Structures are given as C-alpha cells and as structure tokens.
Amino acid sequence: MADFFGYFGAQMKAGPGIGKNEPEKKRFFLFWELFFRKVWQLMVLNLLFVAACVPIVTIGPAIAAFSYVLRNYAWGKPVFLFSDFMDAFKKNFRQALCMSLINAVFIILFNYALDYYLEQLSGGILYVAAFTVAIFMMFVFVFANFYTFLMITSAQLSLKQIIKNSVLLSFLAVKTNFITLFFIIVTFFTLAFITIAVNNYLIMSLMILLMVLIIPAFIGFIVTFNSFQYILKYVAQENLDDQDESEEDISAVFKDMGATEEDTDG
C-alpha cells in the first residue's frame, strides 16, 4: 500500500494547518487527509464543474478550471473556490477548448479504429498488430490526459509543447499512471456493482447523487495528486537530463503558484 498513490517515493511537505516541524507523511495518508479536509469544498466544486459543462462546448475550459482548483487543494494551496474556478476558466479558455476538440477527434478515431480492427482480427497478423497498436495508443492518450489540462493551467507553454510533454510523461510516470487508472476503474466498478446488486430505486438515486456531488472530484483529486508531482519534477526542472531537449520545449515558468497568506478557502 506504500505506493498506493504514486510510486517513485516522492514526498510532499505538510500543507496549511500542519506544523512545519512535523515529519512528512506517506502519500497514501496525505491523500486521504487532504481529501477529507476539503470534502465539502470538493462537493461545491463538482456542482461548479457540472454547471460549467452544460454548454457542451465549454467542457474543456471547465476541466481546466476544475484541474486548477484540484491542483491547489492537492498541493495545500489556499483557494477562493468560485473566483479561482472562474478565473482559470476564462484565462485558459482558448487552450483548453482547443485541447478538448483535439481529444474529441482522437476519441472518434480510436473508437472507429478499435471497432474496425476488432472485427478484422481473423483477417491475419497485420490486423492483430494494428489492433495492438490502437490499444497501445489508447493507453498513451488516456495517460497523457492526466497531464494536459494540469499543464494548461500551470505552465506557460504552447499547446504543442503541452501535448509533447504530456506524451513524454505518459511514459516517464507509467507505473503511477497505471495505478491511477486502476483506482479510477475500481471506483466506477464499485459504484456500478453496488447499484446493480442492490437493485433499489433509492440506492440508485443515492448513487446518482454521489456521482454528481463527489465522484468527479474524487477521481480528479486522485489524478491531480498523482500527476502534478511529475509536472514539477520533469517539466519545471532547471537542469535538464537530456541536453538534446531544448529548455524552451520542456521547461516552464509556473504561474499562480505563489498564493498569498491573505488567500482563504472558498
């Protein structure tokens, strides 16, 4: 369980409300401490997120604003919930909208490719190889999306650089990415199992309410808590290990990370 939410042994400093001299907590325990400390704010954040997604075209900017607030919660930063969400929504609107359109195109293409190659598997080794490549690319796509919107709201990079770095991070943090994906799947299957096993309208209503109020933020919090550490480690590092990689491509000037002491929770 020690590597439950992140494998490479990275430790986080204690957040606000914890003494500076207290020892660093294991990431598993720190995750739950931060999550339950902010659980009511996360419910409000879910409602903001759902409302911001109502015009389908704004789903990308809504995810960006959602990721920005979750990043600050996960990293112990003070938050003005409504104003920070709206500021991030407006500030990152263009990049997040473009990213959501790119994602939509890839999802359509992946869906078509998987259906086509699945039907053609009996046609020979080439179709099997093509299907395998499509599955591999699907995992890369999912893992890269653990980082894209976080990077949009955290780094002053072009969309091309964000996509490039996100793909690189899908490989560099591959074990943590699989751990993150595993617990996302477990969360959904647990809810589905409870709903089907009980077969009760009241329970089904409670599950739907739970999905609206907390599950998106819970999943987003897992993704943010696991993924942002690698953005800090690989994208913001000053000394690049790969000298062939230009600093302009992978180095970022992080914005909005220096919250003032006057900031409070929304």
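Just a few scattered comments:
- Here segment 57-132 exposes an accessible surface that is 71 percent carbon and sulfur, computed with a 1.4 Å probe and the other protein chains kept in place.
- Across Lys26/Lys77; Lys38/Lys164; Lys164/Lys233; Lys175/Lys233, pairs whose alpha-carbon gap is larger than 22 Å: Lys38/Lys164
- Surface analysis of segment 70-185 yields an accessible area of 51 Å² per residue, using protein heavy atoms and a 1.4 Å probe.
The values are calculated or read from the model by the stated rules, or taken from the named source; none is laboratory data. Just so it is clear, the structure is predicted and the values come from calculations on it, not from any experiment. Heavy atoms of the whole protein, side chains included, go into the accessibility calculation; ligands, DNA and RNA do not. Shrake-Rupley method; radii C 1.70, N 1.55, O 1.52, S 1.80 Å.
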